[in-house]
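Worksheet for the structure shown next.
Any read-out appearing in this document is the output of simple, stated calculations on the displayed coordinates, not a laboratory observation. Since this is a predicted model, take the numbers as computed values, not measurements. Cβ atoms come from the backbone with ideal geometry, glycine included; neighbour counts cover every protein chain shown.
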Amino acid sequence: MARLDELLSGLKTTKGSDLHLAAGLVPRMRVRGELQDVEGWDTLTDGDLRGLLREIAAERHWSQYEEQNDVDFAYGLEGVARFRANYFVQENGAGAVFRIIPEKIVSLEELKVPAAIESFAHLEKGLVLVTGPTGSGKSTTLAAIIDKINRTYAKHVVTIEDPVEFVHESKKCVFSHREVGLHTEGFGPALRAAIRQDADVVLVGEMRDMETISLAITAAEMGLLVFGTLHTNSAAKTIDRIVDAFPAKEQDQIRLSLSESLVGVVSQLLLQTADGQGRVAVNEILLRTPGLPNVIREGNTPMLQSIIQSGKQLGMQAMDDALFALVQAGTITAHDAFMKATEKARFEALLKD
């Protein structure tokens, strides 16, 4: 058994989400959003840590790490869980972060997400974006949507990830899990291929460059249901980020394409519950309405908040409204909501209660 497996097993036992390792520091785990030292472990030297990391890395991953000082891959520990690993180099030497990928895919019903999010599983085509900072639960929400499709429809689902995180067992759907670097050279080539592979649904792990964004939009325009992720924290910033990825002379065209293909944006945050015993997802939800394409074409992203506010009966909600409701329900603290809110003045009175 690799020595690192002891730490990874401990992460599962303590119900932590991430294991942080860095030369010059004691191993730390993120539990309920807070980093804490791992008991019984001393400060790791660069040599110690590289020895731990080398044990579980495949030859090709270790070679890439030595050449580029960065590598991502998935690691499965039988009977425990799968982990998303990132190796890197920092000022004191080696470093790594392991994110636990739950063995069981949590359903939309168990996550208790708003009904509007479940509605994305029933779409035939279009582009759906799930956004938020690292560690906000985007992958968990996406996996639950894909699982709903798997339990409901007979479709071909292609996932393109770096690395593959959630592995779906075929229920009604046929799955093609493709890992960048292992099964395909990149997100772009895999997306091009998906269009030719009779795919009904495509999951793009990260829309990180202009080529990937462009191909994802094209696939959605061609009649596929495409799910993608971005590191943005609102619907308006998501649309701006996509458009800004293109040169100025191409932005009008991409606004036109996006206006025709975008069917929804879910921006997600993950906050600690008021009792400190867990975490809860908070969502901003934008759905396609007759007025949305025109707003996107004109680049009038400030109007998106008006669309969200006027679409509450359809299931849309603004992030600040969702935060406010959770404070009133006693689910999260007013301080945490204030720190994440856009219009902070609205939450100041809650802080005085």
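Some notes on this structure:
- Taking LEU271, LEU191, LEU351 and counting other C-beta atoms within 10 Å, the order from fewest to most: LEU351, LEU271, LEU191
- Gain upon complete extension [GLU39, LEU25; 0.36 nm per residue less C-alpha separation]: 3.8 nm
- The C-alpha atoms of the chain define a longest principal axis, and helix 59-68 lies at about 80 degrees to it.
- Environment charge of GLY276, counting only residues whose C-beta is closer than 15 Å and scoring Lys/Arg +1, Asp/Glu -1: +1
- Convex hull (Cα only) mean projected area of the stretch 108-317, reported in nm² to one decimal: 11.8 nm²
- Each 10 Å bin, from zero up to the one with the longest distance, holds this percent of the alpha carbon pairs of the stretch 63-147: 14, 35, 28, 17, 5, 0.
- The chain, helix-only ellipticity at 222 nm - DSSP H runs n ≥ 4, -39,500 (n - 2.57), divided by all residues, nearest 500: -11000 deg cm²/dmol
- Taking amide H as placed 1.01 Å from N in the peptide plane, the amide H of GLY76 sits under 5 Å from that of PHE83, each at least 5 places away or on another chain.
- Principal axis dimensions, the stretch 1-54 - Cα atoms, whole angstrom, descending: 30, 24, 17
- Compactness of the stretch 296-353, expressed as Rg and Dmax over alpha-carbon positions, Å: 13.3, 44
- Each Lys and Arg contributes +1 and each Asp and Glu -1, all at the Cβ; summed about the Cα centre of the stretch 3-101, the dipole is approximately 460 debye.
- Anchor LYS340: aspartates and glutamates whose Cα lies under 17 Å away (excluding residues fewer than 8 positions away in-chain): GLU34, GLU284, ASP320, ASP321, GLU348
- With the convex hull constructed from alpha-carbon coordinates only, the stretch 103-226 shows a mean projected area of 7.2 nm² over all directions.
- Which of ASP275, ASP240, ASP162 has the fewest Cβ neighbours within 10 Å, and the rest in rising order: ASP275, ASP240, ASP162
- Short to long, the 10 Å bins of the Cα pair-distance histogram for the chain hold 5, 23, 30, 26, 13, 2 percent of all pairs.
- Considering only beta bridges that DSSP places wholly inside the stretch 108-317, some 30 percent are antiparallel.
- Sorting the segments 95-102, 228-235 by their mean number of nearby beta carbons within 10 angstrom, highest to lowest, gives 228-235, 95-102.
- Ranked list, fewest to most other Cβ atoms within 10 Å of each Cβ, for ILE285, ILE307: ILE307, ILE285
- Partner lysines whose Cα lies under 20 Å from the Cα of LYS344, excluding those fewer than 8 positions away in the same chain, are identified as LYS237, LYS352.
- The chain: angle of helix 210-221 to the longest principal axis, Cα-based, in degrees nearest 10: 50 degrees
- Cα gyration tensor category, rounded, prolate or oblate, for the stretch 3-101 with a/c compared to 1.5: oblate
- Seen against the Cα atoms of the chain and their longest principal axis, helix 235-244 is set at about 80 degrees.
- Amide H partners (placed H, <5 Å) of LEU262, local residues excluded: LEU127
- In summary, the aspartates and glutamates within cross-link reach of LYS172, defined as a Cα separation below 14 angstrom excluding same-chain residues under 8 places away, comprise ASP147, ASP200.
- Prolate is the label for the stretch 207-343, because the ratio a/c of its alpha-carbon gyration tensor axes (a ≥ b ≥ c) is 1.5 or higher and a/b is greater than b/c.
- Phi to ³J(HN,Hα) by Karplus 6.51 cos²θ - 1.76 cosθ + 1.60 over the stretch 280-294, Hz, x for Gly, Pro: 9, 7, 10, 10, 9, 10, 10, 10, 6, 10, x, x, 5, x, 5
- For the stretch 193-206, putting each phi into the Karplus relation 6.51 cos²θ - 1.76 cosθ + 1.60 with θ = phi - 60° gives couplings of 5, 4, 5, 9, 9, 6, 6, 9, 10, 10, 10, 9, x, 7 Hz, in residue order, rounded to whole numbers and with x for Gly and Pro.
- Converting phi to 3J(HN,Hα) with the Karplus coefficients 6.51, -1.76 and 1.60 and the offset θ = phi - 60°, the stretch 261-272 yields 9, 6, 10, x, 9, 10, 9, 10, 10, 10, 10, 5 Hz in sequence order, with x at every glycine or proline.
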